[in-house]
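Each value in this text was obtained by applying a stated rule to the coordinates, not by laboratory testing. Nothing here was measured: the structure is a model prediction, and the numbers come from that model. Cβ placement follows ideal geometry from the backbone for every residue including glycine, while neighbour counts extend to all protein chains displayed.
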Amino acid sequence: MKYAGPSNFAVEVLDGTGSEIGLLANVIGSYSGSQFQQLPSAGQYVFQVQASAPWTITLQNFPAWPSGQTPNGPITGKGPAALALQLNGGLVTFAMTHDGKSNFAVTFNDASDNEMDLLANVIGPFNGSQAEGVPAPGVYLLNVEADGNWSISVQ
C-alpha cells in the first residue's frame, strides 16, 4: 500500500456482509508498507479506504508458503512490512529494535496467518526481546507496524 497525503490513511478489509476482517493501515501522513491478511473463505471482499490524497493497493495472493527467508542475521527495514520466515521448531527469541516515534507492533503468525502472539506493542523507541515457542519447522509470518527504522534478530 502507498499513500502520499498529509492526513489520515486507513484501510480496512470488509467481508460481503460489511463485517471487518482486518485493519491493514491506520496512519497520519505518507505511508508505504505491506501487511498479511488471511481471508476466511472464498468470496467478495471490499477495501474501505479513508484518504485525502492519491493511494494505491497492490494485492498478492499467497495460497501456500513453499519457502520463507531463513534469518541468518538481523532483518532490517523502515516502516511497515510483512515478512515470511523459515523457522525451526522449538524455543525462538526475537530481539527487536525500533527508533520511531509512533506505534511499533510485531505480530507472529502461522503460515495460515492465524495470530500466535504479539511480540511487541509499544509507542516510540524500543529495544527488547520476546521468546516464543515454535510448534514445528516451517514458514511463519511477521507483520511489522513501524514508523521508523527497525531490526529483528531471530535466535
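Tell me, yes or no, whether the range 105-119 has at least one residue that is under 12 Å from the mean Cα position of the chain (by Cα), of a type in the set (V, I, T) and surrounded by 15 or more Cβ atoms within 10 Å (Cβ to Cβ).
Scanning the range 105-119, I find at least one residue that is under 12 Å from the mean Cα position of the chain (by Cα), of a type in the set (V, I, T) and surrounded by 15 or more Cβ atoms within 10 Å (Cβ to Cβ), so the answer is yes.
Is the range 11-23 home to any residue that is closer than 20 Å to K101 by Cα and touching a strand residue (DSSP E or B) at 6+ places or on another chain (Cβ under 7 Å)? Step through it out loud before you land on a result.
Here is the first cut: in the range 11-23, the ones closer than 20 Å to K101 by Cα are none.
Checked the range 11-23: no residue is closer than 20 Å to K101 by Cα and touching a strand residue (DSSP E or B) at 6+ places or on another chain (Cβ under 7 Å).
Residue check, A136 against (1) within 20 Å of G33 (Cβ to Cβ); (2) in a loop (DSSP other than H, G, I, E, B), all met but one. Which one?
(1)
Of the conditions (1) touching a residue at least 40 places away in the same chain (Cβ under 8 Å); (2) farther than 19 Å from A136 by Cβ, L118 clears all except one; give me its number.
Result: L118 passes all but (1).
Somewhere in the range 56-75, is a residue surrounded by 13 or more Cβ atoms within 10 Å (Cβ to Cβ) and in contact with a Ser or Thr (Cβ under 6 Å, 6 or more places away or on another chain)?
Yes, because at least one residue in the range 56-75 is surrounded by 13 or more Cβ atoms within 10 Å (Cβ to Cβ) and in contact with a Ser or Thr (Cβ under 6 Å, 6 or more places away or on another chain).
Per-residue answers, yes or no, for (1) out of contact with any helix residue (DSSP H, G or I) (no Cβ under 6 Å at 6 or more places or on another chain); (2) touching a residue at least 24 places away in the same chain (Cβ under 8 Å); (3) hydroxyl-bearing (S, T, Y):
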| residue | (1), (2), (3) |
| --- | --- |
| Q60 | yes, no, no |
| K78 | yes, yes, no |
| F94 | yes, yes, no |
| S102 | yes, yes, yes |
| N114 | yes, yes, no |
| V134 | yes, yes, no |
| A146 | yes, yes, no |
